[in-house]
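The values are calculated or read from the model by the stated rules, or taken from the named source; none is laboratory data. Remember, predicted model here, so these are calculated numbers, not experimental data. Quick reminder, even Gly has a Cβ in these numbers, built from the backbone with ideal geometry, and neighbours come from all protein chains shown.
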Amino acid sequence: MEQLGASILIDLVKAFGITGMVFIIWYFSDKTNQRTLQAYRDDMTKVQTDNHKEVTDAIASGREEMLKVLKQYQADMADQRRMYENNVELVRQVISLASDQKDLIIMNTRGFTQLLDDVRGNQFCPMVRLEKKAKGEQG
């Protein structure tokens, strides 16, 4: 109906009248609007489907990334736990060494005390013992 000649339009107006022509024009205009609306709906459905696929892919990708991050975090936490356990074992060993060192220091102190007593009493040197006897009783 886009390129109708003037004579054809006049014949149509005579056959259908003005009201009939209005309805015919409205009918064809409505058909054009329906085709346009259907094309719009089809385009929007395609866009929504594409967007849904992109969003779904993005969510899946994000989920995969999040799982990687969580696995790395779990591994880091396991490493940190092992370090704390190793530190506890190290502290126990240091406490054991300190206890052994304390015992060794006590034994050395007793030994040096005995040595000091022996040196003061001079019981092992024969010259000192003879000298003490010659001078008299020593205390």
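Quick grid of which residues meet (1) out of contact with any His (no Cβ under 8 Å at 6 or more places or on another chain); (2) modelled with pLDDT of 90 or more; (3) of a type outside the set (K, R):
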position: T45; (1), (2), (3): yes, no, yes
position: T49; (1), (2), (3): yes, no, yes
position: T56; (1), (2), (3): yes, no, yes
position: G62; (1), (2), (3): yes, no, yes
position: V69; (1), (2), (3): yes, no, yes
position: M107; (1), (2), (3): yes, yes, yes
position: N122; (1), (2), (3): yes, no, yes
position: R129; (1), (2), (3): yes, no, no
position: K133; (1), (2), (3): yes, no, no
From the options I10, I25, I18, residue that is surrounded by fewer than 10 Cβ atoms within 10 Å (Cβ to Cβ) and out of contact with any His (no Cβ under 6 Å at 6 or more places or on another chain) = I18
key: Filter result for the condition that a residue is of a type in the set (K, R) and within 19 Å of the chain's Cα centre (by Cα), over R41, R81   = R81
